[in-house]
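In what follows, a single structure is set out as structure tokens and then discussed.
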Amino acid sequence: MTQPAAATPAEPTGTITVRVPAKVNVQLSVGGLRPDGFHSLANVFLAVGLYDSVSATRAEEPRLTVSGPDAALVPQDRTNLAARAAELLAERHGLAPEVHLHIAKDIPVAGGMAGGSADAAGALLACDRLWGLNTPREELLGLCAELGSDVPFSFAGGAALGEGRGEVLTPLEVGGTFHWVFAAADGGLSTPDVYRECDRLRADDDVPEPVASEALLAALRAGDAQALAGALRNDLQPAALSLRPSLAETLNTGLAAGALAALVSGSGPTCAFLVADADSAARTAHNLTASGTCRAARATTSPAPGATVV
Ligand code: C5P
């Protein structure tokens with residue numbers, strides 16, 4: 001009788017490409033500073049339809065390249081979180097991280113949209129498939145959490161509540177499509193700097209334990225843009241505005257163009273505008289671009305899928 005073939009890693013293939021989405025935080029409630037230097041969060045993530053692509057190809061030695069208009073702003077060495085993702089996965093499996101990673105970058109760099117986290121999630125999945133490892137999803141999510149607070153969500157996509165430092169995810173239901181415009185700024189903001197500024201601004205306040213807003217979760221479930229607009233919240237926004245006061249002008253320009261709501265995306269400086277429909281998105285993006293208050297404005301929708309092999 002023929003024996004079934006033993007489970008062996010699949011034969012390596014040429015190149016694996018993974019598409020990964022950007023995110024916006026529709027609620028970012030920031031609690032106190034923890035002893036480990038992170039803040040406890042109630043972080044409601046929504047993946048949006050702006051994507052980076054990460055390709056993994058076998059190579060003689062580790063190599064990382066980046067293309068796209070902002071490529072020059074992205075580290076192309078081992079400090080890139082995508083390279084660290086490949087190293088971490090290789091180390092766990094006793095492999096050498098001999099891979100050429102190429103990132104086709106479309107998500108604003110250092111913009112508060114988790115572009116670096118997206119690239120790490122993409123690199124992890126691309127290398128896992130390239131090396132024929134087929135690591136279980138839960139294990140990959142664990143590796144994501146080691147790489148950064150936002151990486152598990154970049155991997156998962158859709159919508160989720162992130163607790164702990166943002167890495168403990170509960171998937172959320174979304175009952176419809178939301179329309180957004182994102183206005184990228186010139187230059188980025190450092191996430192640790194923004195958290196530090198948040199602590200400084202709130203130094204005399206009693207900071208409550210962060211909890212997810214029931215009104216916001218209901219708005220997501222219902223796919224109700226008006227209700228979501230009323231429930232958006234970002235505790236890092238005052239800090240981002242304090243470090244980059246010109247963002248107030250960008251936010252006002254989008255509101256004047258008819259956006260339902262405007263907020264800084266995560267730690268900024270990208271500004272996010274929730275709009276009623278595709279027409280309003282086009283008008284808002286046009287007015288923002290024409291105003292000169294941002295570098296570029298892009299219309300898109302949410303939710304978007306997580307890391308996907310293409
Ligand atoms: O987890 P990640 O490496 O993306 O975090 C970057 C920085 O952002 C941390 O070093 C910390 O300064 C800040 N941060 C925080 N609280 C969180 C997440 C991030 O203070 N929950």
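The values are calculated or read from the model by the stated rules, or taken from the named source; none is laboratory data. Since we're looking at a predicted model, the values are computed, not measured. Positions of Cβ are generated from backbone atoms using ideal geometry, with glycine treated the same way; all protein chains shown enter the neighbour counts. Side chains are part of the model used for accessible areas, which takes the heavy atoms of the whole protein and leaves out ligands, DNA and RNA. Shrake-Rupley method; radii C 1.70, N 1.55, O 1.52, S 1.80 Å.
If you scan the range 124-157, which residues turn out to be over 12 Å from the mean Cα position of the chain (by Cα), among the small types (Gly, Ala, Ser) and surrounded by fewer than 24 Cβ atoms within 10 Å (Cβ to Cβ)? It would help to see each step written out before you state the result.
Step one: list which residues in the range 124-157 are over 12 Å from the mean Cα position of the chain (by Cα), which gives 124-147.
Keeping just the survivors that are among the small types (Gly, Ala, Ser) gives 126, 132, 142, 145.
Within the range 124-157, 132, 142, 145 qualify.
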For this session: Kindly indicate the residue of the range 163-173 that is in a loop (DSSP other than H, G, I, E, B) and over 13 Å from the mean Cα position of the chain (by Cα) and also surrounded by the fewest Cβ atoms within 10 Å (Cβ to Cβ) among those meeting that condition.
Result: 173
Exercise. Does the range 222-234 contain at least one residue that is within 15 Å of the ligand (Cβ to nearest atom) and either in a helix (DSSP H, G or I) or touching a helix residue (DSSP H, G or I) at 6+ places or on another chain (Cβ under 7 Å) (or both)?
Worked result: no
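Which one of these is within 27 Å of residue 239 (Cβ to Cβ), within 16 Å of the ligand (Cβ to nearest atom), open to solvent by less than 20 Å² (accessible area, probe 1.4 Å) and touching a Lys or Arg at 6+ places or on another chain (Cβ under 8 Å): 121, 160, 114? Outline the logic, then answer.
Numbers: 121 fails: touching a Lys or Arg at 6+ places or on another chain (Cβ under 8 Å); 160 fails: touching a Lys or Arg at 6+ places or on another chain (Cβ under 8 Å).
Sole residue among the options that is within 27 Å of residue 239 (Cβ to Cβ), within 16 Å of the ligand (Cβ to nearest atom), open to solvent by less than 20 Å² (accessible area, probe 1.4 Å) and touching a Lys or Arg at 6+ places or on another chain (Cβ under 8 Å): 114.
Among the residues of the range 95-108, how many are open to solvent by less than 30 Å² (accessible area, probe 1.4 Å) and outside any strand (DSSP E or B)? Break it down into steps so the answer makes sense when it comes.
Pass one, the range 95-108, residues open to solvent by less than 30 Å² (accessible area, probe 1.4 Å): 99, 101, 103, 105, 107-108.
Filter once more, keeping what is outside any strand (DSSP E or B): 105, 107-108.
Of the residues in the range 95-108, 3 are open to solvent by less than 30 Å² (accessible area, probe 1.4 Å) and outside any strand (DSSP E or B).
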For this session: Restricting attention to the range 127-142, report how many residues are in contact with a helix residue (DSSP H, G or I) (Cβ under 6 Å, 6 or more places away or on another chain) and within 16 Å of the ligand (Cβ to nearest atom).
Result: 1
Seminar exercise, completed: The one condition residue 259 fails out of (1) within 21 Å of the chain's Cα centre (by Cα); (2) part of a loop (DSSP other than H, G, I, E, B) is (1)
For this session: Any chance you could count how many residues in the range 263-310 are in a loop (DSSP other than H, G, I, E, B), among the polar types (S, T, N, Q) and buried (at least 24 other Cβ atoms within 10 Å of the Cβ)?
Result: 3
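Answer with yes or no whether residue 180 is touching a residue at least 60 places away in the same chain (Cβ under 8 Å), closer than 21 Å to residue 264 by Cα and more than 16 Å from the ligand (Cβ to nearest atom). Give the steps one after another, and end with the answer.
Working: touching a residue at least 60 places away in the same chain (Cβ under 8 Å): yes; closer than 21 Å to residue 264 by Cα: yes; more than 16 Å from the ligand (Cβ to nearest atom): yes.
Spelling it out, residue 180 is indeed touching a residue at least 60 places away in the same chain (Cβ under 8 Å), closer than 21 Å to residue 264 by Cα and more than 16 Å from the ligand (Cβ to nearest atom).
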Exercise. Given the structure, is residue 176 open to solvent by less than 40 Å² (accessible area, probe 1.4 Å) and not in a helix (DSSP H, G or I)?
Worked result: yes
